[in-house]
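A.B. asks: So that we are looking at the same thing, I have put the structure below in structure tokens.
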Amino acid sequence: MIHFNENEFAPFYANYITKSLQHTNVVTGLQQLRDENITFFKTIPADKLEYQYEIGKWTPKDILLHLIDAERIFTYRALRISRNDRTPLSGFDENEYVPFANANNRTMESLVEEYVAVRNATITLFDNLTEEQMLRVGIASNSTVSVRAIGSIIIGHELHHKSVLQERYL
């Protein structure tokens, strides 16, 4: 189990970090979730793909594309911080991204294909980072964050949204 220092992530991410702790290694956690979620997303019933459990809530397609977008942003942060870039990195508002992402006009197959491509790139990045790079801390969204915490946040974020899908959509 990874033990984090208090400066490695903002309190906002504590829930994601906690969810990720079932995985003892970022790379194996990312690989395991990729393999599980390819099947999970492909088996969501067709009549649920664009379902909203409440007006204004995201559809399963929206959620998957949100996971892809967020992973790209988190991985970009990890890359910059791991390379010792000291530039503070801005945040992003996921609620502003989703309406413009066009997820519901895409097939689930194309979304899963994009998910796999992004996840494989994320795995390659994290698999080739040294321990020193994983422990580097930078600034993102006005808070300190370590590279290894970013990997755990990606895992916990995905687990959070998968749980929401299972509880409210399926």
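A.B. asks: So which residues in the range 62-115 are aromatic (Phe, Trp, Tyr) and surrounded by 17 or more Cβ atoms within 10 Å (Cβ to Cβ), if there are any at all? Can you show your working first?
C.D. replies: Start the filter on the range 62-115 by keeping residues that are aromatic (Phe, Trp, Tyr), which leaves 74, 76, 92, 97, 100, 115.
Correct list: PHE74, TYR115.
A.B. asks: Being of a type in the set (D, E, K, R) and either on the phi > 0 side of the Ramachandran plot or assigned to a helix (DSSP H, G or I) (or both) is the filter here, so list the residues in the range 88-132 that pass it. Walk me through it before giving the result.
C.D. replies: Taking the range 88-132 as the starting set, the residues that turn out to be of a type in the set (D, E, K, R) are 93-94, 96, 106, 109, 113-114, 119, 127, 131-132.
The answer is GLU94, GLU96, GLU109, GLU113, GLU114, ARG119, ASP127, GLU131, GLU132.
A.B. asks: Suppose we keep only residues that are in a loop (DSSP other than H, G, I, E, B) and closer than 15 Å to ILE150 by Cβ within the range 22-45. Which one would you say is least open to solvent (accessible area, probe 1.4 Å)? Lay out the reasoning, then the answer.
C.D. replies: In the first step, residues of the range 22-45 are kept if they are in a loop (DSSP other than H, G, I, E, B); the result is 22-25, 43-45.
Okay, now just the ones that are also closer than 15 Å to ILE150 by Cβ, so 23, 25.
Values: HIS23: 20, ASN25: 70 Å².
Selected residue: HIS23.
A.B. asks: Further question: Report, by residue number, each residue of the range 125-151 that is over 16 Å from the mean Cα position of the chain (by Cα), open to solvent by 40 Å² or more (accessible area, probe 1.4 Å) and touching a residue at least 12 places away in the same chain (Cβ under 8 Å).
C.D. replies: Residues of the range 125-151 over 16 Å from the mean Cα position of the chain (by Cα): 127-139, 142-144.
Of the ones still in play, those that are also open to solvent by 40 Å² or more (accessible area, probe 1.4 Å) are 127-128, 130-132, 135-137, 139, 142, 144.
Residues satisfying the conditions are ASP127, LEU135, ARG136, VAL137, ILE139, ASN142, THR144.
A.B. asks: Return the pair list, or none, for Cβ contacts closer than 7 Å from residues in the range 82-105 that are touching a residue at least 60 places away in the same chain (Cβ under 8 Å) to residues that are hydrophobic (A, V, I, L, M, F, W, C), at least 6 apart or on different chains.
C.D. replies: Short answer, once both residue conditions are applied: SER82/LEU129; SER82/VAL147.
A.B. asks: Continuing with this model, one more query. How about the range 152-170: which of its residues are open to solvent by less than 70 Å² (accessible area, probe 1.4 Å) and out of contact with any Ser or Thr (no Cβ under 8 Å at 6 or more places or on another chain)?
C.D. replies: Step one: of the range 152-170, the residues open to solvent by less than 70 Å² (accessible area, probe 1.4 Å) are 152-165, 169.
If the condition is that a residue be open to solvent by less than 70 Å² (accessible area, probe 1.4 Å) and out of contact with any Ser or Thr (no Cβ under 8 Å at 6 or more places or on another chain), then HIS157, GLU158, HIS160, HIS161, LYS162, SER163, VAL164, LEU165, TYR169 are the ones that fit.
The values are calculated or read from the model by the stated rules, or taken from the named source; none is laboratory data. A quick note: this is a predicted structure, and the numbers were derived from the prediction, not measured. As a convention, Cβ positions derive from the backbone with ideal geometry for all residues, glycine included, and neighbour counts pool all protein chains shown. Surface accessibility is based on the protein's heavy atoms, side chains included, excluding ligands, DNA and RNA. Shrake-Rupley method; radii C 1.70, N 1.55, O 1.52, S 1.80 Å.
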